[in-house]
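Working notes, structure below.
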Amino acid sequence: MGVAPGTYYVRARHSGKYLSVSGAGLANGASLVQWEYAAATNHQLVLENEAGGLSTLKAIHSGKVVDVESFRTTDASEVHQ
């Protein structure tokens with residue numbers, strides 16, 4: 001069972017902090033960080049279902065999609081928009 005498409009705040013269970021685009025950046029490559037809750041659009045992500053059972057996350061404030069830097073598959077790879 002998947003998650004329904006919609007707008008979400010993503011919270012880390014271990015810290016209780018939320019996924020946020022750092023500094024409300026608008027540029028490609030702006031880092032995603034964990035941050036205290038704020039009812040700000042750089043903390044809101046839209047989940048969209050794609051073909052083949054895949055989903056994307058898009059930052060509300062910038063309209064940019066969450067991505068792993070340079071398509072890396074290694075541990076500790078940077079996540080950005």
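Taking Rh as the Kirkwood radius computed over C-alpha pairs, what is the Stokes-Einstein D of the chain at 4 °C in a medium of viscosity 1.567 mPa s, expressed in µm² per second?
In µm²/s, the coefficient rounds to 98.
So what's the net charge close to Thr41: Lys and Arg +1, Asp and Glu -1, counting the other residues with Cβ under 15 Å from its Cβ?
Summing Lys and Arg as +1 and Asp and Glu as -1 gives +2.
List the GluC sites (Glu not before Pro) in the stretch 14-81 that DSSP assigns to loop (not H, G, I, E or B) and whose Cβ has at most 11 other Cβ atoms within 10 Å. Which are they?
Answer in residue order: Glu36, Glu50.
Return the carbon/sulfur percentage of the accessible area of the chain, one whole number, probe 1.4 Å, all protein chains in place.
Accessible surface attributable to carbon and sulfur in the chain totals 54 percent.
Heavy atoms of the protein only, probe of 1.4 Å, neighbouring chains included. What is the accessible area of Thr41 in Å², nearest 10?
Accessible area, nearest 10 Å²: 70 Å².
Could you pull out every residue, at least 5 positions away or on a different chain, whose amide H is within less than 5 Å of the one on Tyr8? Hs are placed 1.01 Å off N in the peptide plane, and Pro or chain starts have none.
Close amide H contacts, sequence-distant or interchain: Leu45, Val46, Leu47.
Give me the 1.4 Å probe accessible area per residue for the chain, excluding ligands and nucleic acids, in Å².
That works out to 68 Å² for each residue.
Report the net charge of residues surrounding Leu32, where surrounding means a beta-carbon distance below 10 angstrom and charges are Lys +1, Arg +1, Asp -1, Glu -1.
Within the 10 Å Cβ shell, the charges total -2.
Quick one: net charge of Tyr18's neighbours, Cβ under 15 Å, K/R +1, D/E -1?
Neighbourhood net charge equals +2.
The values are calculated or read from the model by the stated rules, or taken from the named source; none is laboratory data. Please read these numbers as outputs of a predicted model, since none were measured by experiment. Note that we place each Cβ from the backbone using ideal geometry, even for glycine, and neighbour counts take in every protein chain shown. Keep in mind that these areas ignore ligands, DNA and RNA; they rest on the heavy atoms of the full protein, side chains included. Shrake-Rupley method; radii C 1.70, N 1.55, O 1.52, S 1.80 Å.
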